[in-house]
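Written below as structure tokens is the structure these notes are about.
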Amino acid sequence: MGENPLGFNKEIIKKLRLYEKLLINWQKKFNLVSNNSMCDLWNRHIIDSAQLLSLLPKEKKNKITYDIGSGAGFPGMVLAILGRKDIVLCESNTKKCLFLKEVSRNLQLDVIIDNIRAESLPKSSGCAVLARAVAPLEKLISISFPILEAGGIAIFPKGKSWNKELRLAQRTFLLEFDLVKSITSELSYIFVIKKVEKKIG
């Protein structure tokens with residue numbers, strides 16, 4: 001895969017590279033992402049996050065897209081760099097929030113950073129929920145759907161264990177979803193979940 005498979009313009013690449021540089025510098029002091037993934041930060045985190053942009057619902061006034069467990073800002077910060085103005089980054093770790101605010105300040109982004117656990121977000125308040133490398137699918141569904149408004153969607157990228165996680169989630173929930181192949185890994189897929197119903201009994 002090339003360096004720019006999604007066709008970013010020069011200004012976007014410049015901002016993404018600055019974000020990458022800030023992350024590398026902060027990673028020396030704080031464990032923001034897995035050290036094993038730092039050698040391929042661009043593909044493993046930035047491109048992997050950017051591919052979600054086309055899956056999001058159309059941006060509308062007064063609508064919120066939550067990135068829960070945002071961590072170092074993947075995928076929400078990348079999507080904000082790409083121009084989404086409805087992103088709220090939710091992160092319970094104070095040090096990670098400081099990093100996210102530093103990125104937002106340096107890149108002059110229109111993004112909200114909230115030092116909060118996803119479970120504490122207002123009910124039925126988001127048009128979309130994103131989560132990447134946060135928790136198993138079943139737990140993500142349990143956390144996310146109470147905070148989604150009617151008709152909202154959840155977007156969860158998953159690695160090679162996606163099928164196992166799906167089977168476990170389907171023990172508890174009836175799901176209506178699309179499965180989109182990731183462009184960054186042959187073994188990875190993205191869940192776009194449109195409807196959830198808890199099984200009875």
Return the residues of segment 24-37 that are closer than 15 Å to M77 by Cβ and assigned to a loop (DSSP other than H, G, I, E, B); say none if nothing qualifies.
L32, V33
Contact list please: Cβ distance under 9 Å, first residue in segment 1-28 and within 18 Å of G71 (Cβ to Cβ), second residue loosely packed, with under 12 Cβ neighbours inside 10 Å, pairs at least six apart or on different chains.
Q27/N35
Which of the residues belonging to segment 1-50 are among the acidic types (D, E) and closer than 15 Å to L100 by Cα?
E20
Only one of (1) out of contact with any helix residue (DSSP H, G or I) (no Cβ under 8 Å at 6 or more places or on another chain); (2) touching a residue at least 12 places away in the same chain (Cβ under 8 Å); (3) on the phi > 0 side of the Ramachandran plot fails for G73. Which number is that?
(1)
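Only one of these is buried (at least 22 other Cβ atoms within 10 Å of the Cβ), part of a helix (DSSP H, G or I) and either modelled with pLDDT under 95 or touching a Ser or Thr at 6+ places or on another chain (Cβ under 8 Å) (or both): D48, D40. Name it.
D48
On the given criteria, is P57 in contact with a strand residue (DSSP E or B) (Cβ under 6 Å, 6 or more places away or on another chain) and either assigned to a loop (DSSP other than H, G, I, E, B) or on the phi > 0 side of the Ramachandran plot (or both)?
Yes; evaluated as a whole, the condition is true for this residue.
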Which condition number in (1) surrounded by fewer than 22 Cβ atoms within 10 Å (Cβ to Cβ); (2) in contact (Cβ under 8 Å) with a residue 24 or more places away in the chain is the one that L79 fails?
(1)
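The values are calculated or read from the model by the stated rules, or taken from the named source; none is laboratory data. All values derive from a computational prediction rather than experimental measurement. Don't worry about glycine lacking a Cβ; one is built from the backbone with ideal geometry, like all the others, and counts go over all protein chains shown.
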